[in-house]
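Student: Dumping the structure here so I can ask a few things about it.
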Amino acid sequence: MAYEYRKVKRKISLGKDPGEKYLAAMSVAGKKTNADLIEHIERNSSIAKEDITILFRDLAAVVEEAVSSGQGVKLDALGTFSPNIRTKSELKAEDITTDNIQKVVINFRPSAELRKAMDKAAVKESTQNKIQHI
Amino acid sequence: MVNLEPHSVTQRFQKEQQTIHFLQVRKIRALDFAQVCRQIAHKTTLTEGEVELFVLTEVAQMVVENIEDGRGTELGALGKVELSIEAESRKTSEELSLDTVKRMKLIFKPSPKIKEALKESLFRIKRDYNKKNEE
């Protein structure tokens, strides 16, 4: 199935030629919910729904604990979750303080398998013609 | 403990080269798949094999199938992964075409509980960094 993209208008402030520009943005075909995922796993394994829910909760706890300690988590077939910080930069190194740190985030790097699935997918323009401002 | 280290990069900003400085998390060895499966197996009645084969591998397989269908996937208490694209901008909408789409991306959005834990770790990171610099 081909992915669809839609046209959006956005104010670009960086680069050689800043200003209002147009670019392509993903038109998402929806998503599979937790219930769909749990049902899928239950169907393909001998594990009960309740155990799968607990398992996801424990997986989240493992990732949360690792990331809060500055450690990444590598889930081979899925990808790697790594902690990072969003910071404000300074022109002089001596001006950097903890006040520059705005947020702690988790960077996700998809596995080779997931990247291959994305590379294989075709992209086409959405039938929605209205240009969105974002 | 999260260790921070200073980084710098030289970039072009409004037609001028400038060097900017910022803090980043010091990279340490990640928890690997086997370690994650072991930790989860210890907390549940499942074996490591069950955790590995039936859940994490099945989850990845489902995410792959959903990618092929152009869909994102919710991952329980962990959060969700959503599809996006990286694209070049143009001055007019008529100039937009498939050629401006550079690549597909998969973005991870943590669950509210994990976001809350990240907010709390922000406070600890700042405290630990200040303490380390005072020593």
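Student: Let me spell it out: the conditions are (1) within 7 Å of chain A (Cβ to nearest Cβ); (2) in contact with a helix residue (DSSP H, G or I) (Cβ under 7 Å, 6 or more places away or on another chain); (3) not β-branched (Val, Ile, Thr), and residue B:79 meets all of them except one. Which number is the exception?
Tutor: Every condition holds for residue B:79 apart from (1).
Student: Scan the stretch A:108-123 and tell me whether some residue there is at pLDDT 85 or above, among the aliphatic types (A, V, I, L, M) and assigned to a helix (DSSP H, G or I).
Tutor: Yes, the stretch A:108-123 contains at least one residue that is at pLDDT 85 or above, among the aliphatic types (A, V, I, L, M) and assigned to a helix (DSSP H, G or I).
To keep it simple, each residue is scored yes or no on (1) more than 17 Å from residue A:72 (Cα to Cα); (2) at the interface with another protein chain (Cβ under 7 Å from one of its Cβ atoms); (3) in contact (Cβ under 8 Å) with a residue 24 or more places away in the chain.
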{"residue": "B:92", "(1), (2), (3)": "yes, yes, no"}
{"residue": "B:96", "(1), (2), (3)": "yes, yes, no"}
{"residue": "B:102", "(1), (2), (3)": "yes, no, no"}
{"residue": "B:128", "(1), (2), (3)": "yes, no, yes"}
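Student: Please go through the stretch A:70-91 and give me each residue that is surrounded by fewer than 17 Cβ atoms within 10 Å (Cβ to Cβ) and more than 7 Å from chain B (Cβ to nearest Cβ), ordered by number.
Tutor: A:86, A:88
The values are calculated or read from the model by the stated rules, or taken from the named source; none is laboratory data. Computed from a prediction, not measured in an experiment: that's the story for all the values here. No Cβ is skipped: glycine too gets one built from the backbone with ideal geometry, and neighbour counts run over all protein chains shown.
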